[in-house]
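Below is one structure; the comments refer to it alone.
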Amino acid sequence: MNLDFARILPDIPFILSGVPQTLLFTFSSVFFGLLLGMLLSLFKISGIKPLYWFAVAYTSVFRGTPLLLQLSLVYFATPQLTGYDISALQAGVLTFSLNSAAYMSETIRAGIQAVDKGQTEAALTLGVPYPQLMWDIVLPQALKNILPALVNETISLLKDSSLVSTIGVVEILRSAQIVGANKYIYFEPLIIAGLIYYILVMGLTYTASILEKRLRRSE
Amino acid sequence: MNEVVIRVEFLCKSFGTLKVLDDISTEVHRGEVVSILGPSGSGKSTFLRCMNLLERPTRGRVYFNEQDITDPKVDISKVRQKLGMVFQHFNLFPHLTTLANVTYAPIKLKGISHEQAKQQGLELLAKVGLVEKADVYPSRLSGGQKQRVAIARALAMEPEVILFDEPTSALDPETVKEVLEVMKALAKTGITMAVVTHEMGFAREVADRILFLDQGKLAEDSSPDEFFSHPRCDRAKQFLEKML
């Protein structure tokens, strides 16, 4: 066994330069996924049949097919279909947002339905219209309850972002592979990449636990 | 007699095949305190919840200030601003402080400034004796305190009527009294109140009128004196024997 981390020491900054790409992907996707997921979850509880069926079908398709396939489809098929030359970054964020929205919509729906019906009734009897009470009263309580699940989803997204290396985005994994290919050693750069992912996930977990504590102030 | 605030006409409510309210007609006058009594399952709460359309009647009409609020064209949110409600389980907003619970609706719906709302909110909390709890979250309050905050919250919209749905049933016996005291004081201010309750003492002492429901029917509508000393229907007699 001949491990030699010293040989790739000069390349570590290059691998680290993939971090902003990874984070950009993750947080854009979480943001748009959360918005779309919220909308879909409202469709699901709206009681309006066409909206309900749309949201259910959407979730079913995006959960029922591999993320990698969705990514390839968006990146390679969009130009063929529309003539628009989609960039890898756009394709990645679009796919990841659409995909995580499907998962988040189920989580948010459960969170909303777990909020005591009395909360809605109390706001209604004060004269608060339904959309406003949903935003002010129900969603904040729902989001607090599902925060751990949303953190899980964010962590999954962060790690799955390595998939965009397959369409040519130079993020953490891809830069590690490039280093490996240049120097004909793979073990060391990949270990470094893994370490970076792990540290990012730990950071995320820590931030989330602080956020959760703040949200639990009212208990 | 004062003007009519709430008029209920031929009210029926069914949940599936279960008929909960059966053809109830009555009126509530301005300034009146009406106690709604009856055995459990008699439809008291459903009756109350039909008055602000938390339950939509299967048949019949509900008028508020002579406006038919069962008409689908009516903006029920606007009507509910004048029809406060206090619940058995308080339903305070747990993510808001006590004061924010009270000021939330006035700020959002009346468009008054935060400063002004805060001022009024503190006055209302003082009225129910909880001004020192303004910045505390509801989870830190006892049941009786929660219910007093809920009453302050309902009052913040300056409603014409407050509906009370078993406001003391979820409280331990010691704190029942503090809530009843607040309600008594409220009754003296001349606000219209409809109270579903099992507190016979309160009904007897504070109410101007008793509505006794049995199996979804309005079995008796009389003054407290009459009801408690000479109940007319047999079911009311049985009920009182058990309760008193």
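Any read-out appearing in this document is the output of simple, stated calculations on the displayed coordinates, not a laboratory observation. None of the values given here were measured: they were computed from a predicted structure. A quick note on method: Cβ atoms are made from the backbone with ideal geometry, for glycine too, and the neighbour counts reach across all protein chains shown.
In a GNM of chain B with a 10 Å cut-off on Cα contacts, which of B:L213, B:L96, B:L155 has the highest mean-square fluctuation?
The residue that fluctuates most here is B:L96.
If you bin the C-alpha pair distances of chain B every 10 Å from 0, what whole percents do you get?
In order of increasing distance, the bins hold 8, 31, 36, 21, 5, 0 percent.
Taking GluC sites (Glu not before Pro) as candidate sites, keep only those in a DSSP loop with at most 10 other Cβ atoms within 10 Å, then name the longest stretch of chain B containing none of them. Each step should come with its number before you reach the end.
Values: sites that count: B:E3, B:E66.
The reported range is B:67-244.
At 222 nm, what helix-only mean residue ellipticity would the protein assembly as shown give, in deg cm²/dmol to the nearest 500, using -39500 (n - 2.57) for each DSSP H run of four or more? The partial results should precede the final answer.
Numbers: 20 runs with 250 residues, N = 463.
Calculated from helices alone, the mean residue ellipticity at 222 nm is -17000 deg cm²/dmol.
B:F164's amide H: which non-local residues (gap 5+, or another chain) put their own amide H closer than 5 Å, with H modeled 1.01 Å from N in plane and none for Pro or chain starts?
For B:F164, the qualifying residues are B:V86, B:A194, B:V195, B:V196.
Let's test the formula: R0 of 22 Å, r as the Cβ-Cβ distance of B:E181 and B:E132. What FRET efficiency results, to the nearest 0.05?
That pair, B:E181 with B:E132, gives E of 0.80.
In nm, to one decimal, how far is the B:K78 label point from the A:N152 one, both placed 7 Å along Cα→Cβ?
Calculated label separation equals 4.6 nm.
Normalised by the residues of chain B, what does the relative contact order come to in percent, with Cα pairs under 8 Å and at least six apart?
26
Work out how far the C-alpha atoms of segment B:27-127 reach from end to end along every principal axis, then list the three figures in whole Å, largest first.
44, 34, 28
Over all distinct Cα pairs, what is the inverse of the mean 1/r for segment A:96-148, reported as the Kirkwood hydrodynamic radius in Å? Don't skip to the end; give the middle numbers.
Numbers: mean 1/r = 0.0852 Å⁻¹.
Kirkwood radius, segment A:96-148: 11.7 Å.
How far, in nm, would the chain grow between B:H29 and B:D172 when pulled straight, counting 0.36 nm per residue and subtracting the alpha carbon separation?
48.3 nm is the gain from fully extending B:H29 to B:D172.
Suppose each label sits 7 Å from its Cα in the direction of the beta carbon; what would the A:T65-B:S142 distance come out to in nanometres?
The modelled label-to-label distance comes out at 6.2 nm.
Put a dot 7 Å past each Cα toward the Cβ at B:R59 and B:E226; how far apart are the dots in nm?
2.7
What list of ³J(HN,Hα) couplings, whole Hz, do you get for segment A:162-174 from phi and the Karplus terms 6.51, -1.76, 1.60, once you set θ to phi - 60° and write x for glycine and proline?
Result, ordered by residue: 4, 5, 5, 4, 6, 10, x, 7, 8, 9, 4, 5, 4 Hz.
Below 8 Å between Cα atoms, with a sequence gap of 6+, how large is the relative contact order for segment A:9-98 in percent?
36
Taking N as the number of residues in segment B:129-186, what is its Cα Rg relative to 2.2 N^0.38 Å?
1.10
Around B:V74, which amide H atoms from residues at least 5 apart in sequence, or from another chain, sit under 5 Å from its own amide H, with H modelled in the peptide plane?
For B:V74, whose amide H was placed from the backbone, there are no distant partners under 5 Å.
Under the Kirkwood approximation applied to all pairs of distinct alpha-carbon atoms, what is the hydrodynamic radius of segment B:104-159 in Å? Kindly include the intermediate steps, with their values, before the conclusion.
Details: mean 1/r = 0.0874 Å⁻¹.
Across segment B:104-159, the inverse of the average 1/r is 11.4 Å.
Suppose a student asked you for the relative contact order of segment A:7-217, using Cα pairs under 8 Å spaced at least 6 residues apart; what percent would you report? Write out the running numbers ahead of the final one.
Values: 227 pairs, mean separation 64.0, N = 211.
The value is 30 percent.
How far is helix A:88-114 tilted off the main Cα axis of chain A, in degrees rounded to 10, range 0 to 90?
On a 0 to 90 degree scale, this one is about 40.
Rounded if a/c is under 1.5, else prolate if a/b beats b/c, else oblate: with a ≥ b ≥ c from the C-alpha gyration tensor eigenvalues square-rooted, which is segment A:7-217?
oblate
Expressed in nm to one decimal, what extension gain is obtained for the pair A:A181 and A:I45 from 0.36 nm per residue of sequence separation less their Cα-Cα distance?
This chain segment gains 43.9 nm when fully extended.
Per-residue HN-Hα couplings for segment A:64-76, Karplus 6.51 cos²θ - 1.76 cosθ + 1.60 at θ = phi - 60°, whole Hz, x for Gly and Pro?
x, 10, x, 4, 4, 5, 4, 4, 4, 4, 5, 6, 8
Does anyone have the angle between helix A:117-126 and the longest principal axis of chain A? Alpha-carbon axes, 0 to 90°, nearest 10?
In chain A, helix A:117-126 runs at an angle near 60 degrees to the longest axis.
Name the residues whose placed amide hydrogens come within less than 5 Å of the amide hydrogen of B:A219, ignoring near sequence neighbours (fewer than 5 apart) on the same chain.
Close amide H contacts, sequence-distant or interchain: B:F212, B:L213, B:D214.
Count charges around B:K13 for me, please; just the other residues with Cβ under 14 Å from its Cβ, Lys/Arg as +1, Asp/Glu as -1.
Spelling it out: positives minus negatives among the neighbours equals +3.
To one decimal place, what Kirkwood hydrodynamic radius in Å is obtained for the protein assembly as shown from all pairs of distinct Cα atoms?
26.2
Quick check: the angle from helix A:19-45's long axis to the longest principal axis of chain A, C-alpha only, nearest 10 degrees?
20
Kyte-Doolittle mean at least 0.5 and Cα extent at least 24 Å along the axis: which DSSP H helices of chain B qualify?
none
P(r) for segment A:105-202: what percent of alpha-carbon pairs falls in each 10 Å bin, starting at zero?
With 10 Å bins starting at 0, P(r) equals 14, 29, 18, 16, 14, 7, 2, 0.
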